[in-house]
Amino acid sequence: MEVNGKVALVTGAGSGIGRATALALAEAGARVVLADVDEAGGCKTLRAIDAAGGTAAFLKIDVTREEDVDRMVAYAEEAFGALHVLHNNAGINMGWPSFPDAARGAWRRTVAVNLCAVIAGIEAAVPLIKRSGGGVIINSASLAGLVAYEADPVYAATKHGVVGLTRSLASLKEEANIRVNCICPGFVDTPLPRRRLADMPAAERAGWEAALARLPMIAPADVADVVLEIIRDDGMAGQAVSVTHGEPYRVVPAPLAVG
């Protein structure tokens, strides 16, 4: 699908991958709805798009509230008349300490943001994307959705859920001309990997900081480039795409095929 002239909605657009994707979509000629609970970050993304001559609008929403999810989808139609692209990108990690040592129930927010909000976003957006003639939904998963990630088991569980959901919606391509795919980046140079450091004891924090410094971090703009390639690839549906530092992106096949 050509991006120019289309309407896109990006959650978590206030920083990191969301900001980079919103900027790339706008540069390619899309009109972009920026959705984020972080008003300052969302407005910063909006100003960057405006300064570059693009078209965007910002809406402060909390993706864990279904009424907010419904409102952001409706806003896309109100502001720009359609919706062709949804990037379910908002995400958080568990912080420190991790599961099962964290406070009882601390995992609920991570599940709500990383998985439940993706499900709700798809549910809300599909009718409008259908009315717009079809389009693309891209979910932000993670390499932690493809392998074990002992540092944050709940984060890994949510991202495995996003991968499974994406693969299970491949039939929407034939049913409604909507292609659902997900990106699975490794460590990306965003605030997310570092947020959990603030709550760590000094000794653990020093070790994590040293480990992060050694990691080859992926630039958010490189992930955004992959998002746009997936949007433009009319044959890709129900796929999980890994994005690693210095390597071409690749489709990761499901481990089992049933039937």
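Every number here is computed from the coordinates shown, using simple stated rules; none is lab data. Given the structure is predicted, the values throughout are model-derived calculations rather than measurements. Don't worry about glycine lacking a Cβ; one is built from the backbone with ideal geometry, like all the others, and counts go over all protein chains shown.
With only the Cα atoms considered, the range 1-102 has a convex hull volume of 101 Å³ per residue. Relative to the longest principal axis of the Cα atoms of the chain, helix 202-214 runs at roughly 50 degrees.
Rg and Dmax over the alpha-carbon atoms of the chain stand at 17.5, 54 Å.
Of all beta bridges that DSSP places with both ends in the chain, some 10 percent have antiparallel geometry.
Treating r as the C-beta distance of Ala219 and Asp62 and R0 as 41 Å, the FRET efficiency rounds to 0.90. With Rh defined as the Kirkwood radius, the inverse of the mean 1/r over Cα pairs, the Rg/Rh of the range 14-73 is 0.97.
FRET efficiency for the Glu77 to Arg250 pair, using the beta carbon distance and R₀ = 51 Å, is estimated at 0.90. Spatial offset of the range 120-193 relative to the range 1-56 amounts to 19 Å, using the alpha carbon center of each. The calculated FRET efficiency for the pair Ala202 and Glu123, based on their C-beta separation and a Förster distance of 45 Å, comes to about 0.55.
Helix 117-131 and the longest principal axis of the Cα set of the chain meet at an angle near 10°. By the helix-only formula, in which each DSSP H run with n ≥ 4 contributes -39500 (n - 2.57) and the sum is divided by residues, the chain has a 222 nm mean residue ellipticity of -13000 deg cm²/dmol. For the pair Asp233 and Ala106 in one chain, pulling the backbone fully straight at 0.36 nm per residue adds 41.9 nm over the alpha carbon distance.
Principal-axis analysis of the Cα atoms of the chain puts helix 153-168 at an angle of about 30° to the longest axis. Summing Cβ point charges (Lys, Arg +1; Asp, Glu -1) relative to the Cα centre of the chain gives a dipole of roughly 180 debye.
Counted over the range 74-135 with a bin width of 5 Å, the fraction of Cα pairs per bin, in whole percents, is 4, 17, 20, 16, 12, 10, 8, 7, 5, 1. Highest-first packing order for the peptide set 221-228, 113-120, 47-54 is 113-120, 221-228, 47-54, based on the mean count of other beta carbon atoms within 10 Å.
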